[in-house]
Amino acid sequence: MGLSARQIRDGLDTVAAREPGVARALEIAGYPEPRIRPTGYKTLLRTIVGQQVSVASADSVWRKLEAELGEDFGPACLLERDFDTLRACGLSRQKQGYARSLSELVSAGELELEKLPADNEEAIAQLTRIKGIGRWSAEIYLLFAEGRPDIWPAGDLAVMAGIGKILGLEERPDEKATRRLAEGWRPHRGAIAIFTWHCYDNPAL
């Protein structure tokens with residue numbers, strides 16, 4: 001599961017002790033709530049379903065999938081359905097390709113989601129073998145589902161903007177700069193990432 005409230009608090013306190021910008025933002029915005037998702041196949045499938053659509057649309061597709069496949073469905077159930085059946089659930093041709101890629105890798109035992117490598121970069125490499133799962137999606141899974149404490153999704157626009165606000169930068173840093181700025185915050189970058197989303201829309205910062 002994702003980082004607990006205690007882990008987030010401890011990580012932020014540790015970084016705030018040596019980073020004045022984080023300390024100031026923490027005093028203004030307070031601690032963020034945990035962001036937790038279950039581990040496993042269905043969380044990644046739901047990530048695919050939710051790509052480039054609204055939350056309401058993604059929820060609608062998911063309900064149709066559960067009605068068709070059953071609430072406790074696994075990859076084999078999806079692979080048994082044909083194109084038109086999944087299309088009727090709201091999955092486009094592209095998303096069906098992504099969903100089948102995930103389902104085939106898991107069914108074949110080529111991707112064991114409960115046994116991902118402990119090294120973050122190796123785990124990201126495993127997850128990005130799935131069509132439609134890029135680095136950002138893999139990082140979000142490792143942070144929210146597995147609760148890995150040092151995940152830093154520097155390519156996320158809200159993370160870039162949030163860290164700019166927290167540090168009082170005149171311009172939003174790009175991905176490369178966002179990675180560089182966080183080097184000294186290891187191994188607590190996951191807590192900082194969650195904090196950047198918490199701060200992103202805060203008008204007091």
Problem set entry | Unmet criterion (only one of (1) in contact with a Phe, Trp or Tyr (Cβ under 8 Å, 6 or more places away or on another chain); (2) open to solvent by less than 10 Å² (accessible area, probe 1.4 Å)) for ALA154 | (1)
Exercise. When you go through (1) closer than 19 Å to GLY50 by Cα; (2) outside any helix (DSSP H, G or I); (3) free of Cβ contacts under 8 Å to residues at least 40 places away in the same chain; (4) open to solvent by less than 40 Å² (accessible area, probe 1.4 Å) one by one for LEU142, which number turns out not to apply?
Worked result: (2)
For this session: Of the numbered conditions (1) touching a helix residue (DSSP H, G or I) at 6+ places or on another chain (Cβ under 8 Å); (2) part of a loop (DSSP other than H, G, I, E, B); (3) open to solvent by 20 Å² or more (accessible area, probe 1.4 Å), PRO38 fails exactly one; give the number of that condition.
Result: (1)
Exercise. Does VAL49 satisfy the criteria of being surrounded by 14 or more Cβ atoms within 10 Å (Cβ to Cβ) and closer than 26 Å to ALA125 by Cα?
Worked result: yes
Exercise. From the list ALA125, ALA177, ALA161, which residue is closer than 20 Å to LEU12 by Cβ and either part of a helix (DSSP H, G or I) or out of contact with any His (no Cβ under 6 Å at 6 or more places or on another chain) (or both)?
Worked result: ALA161
For this session: Could you check ASP84 against (1) surrounded by 15 or more Cβ atoms within 10 Å (Cβ to Cβ); (2) out of contact with any Ser or Thr (no Cβ under 6 Å at 6 or more places or on another chain) and say which number it fails?
Result: (1)
Problem set entry | Every pair of residues 6+ apart whose Cβ atoms lie under 7 Å, when the first sits in segment 5-24 and is in contact (Cβ under 8 Å) with a residue 12 or more places away in the chain while the second is open to solvent by 70 Å² or more (accessible area, probe 1.4 Å) and in a helix (DSSP H, G or I) | none
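The values are calculated or read from the model by the stated rules, or taken from the named source; none is laboratory data. Note that the structure is predicted; figures quoted are calculated from it, not measured. Positions of Cβ are generated from backbone atoms using ideal geometry, with glycine treated the same way; all protein chains shown enter the neighbour counts. Note: areas computed on protein heavy atoms with side chains; ligands, DNA, RNA excluded. Shrake-Rupley method; radii C 1.70, N 1.55, O 1.52, S 1.80 Å.
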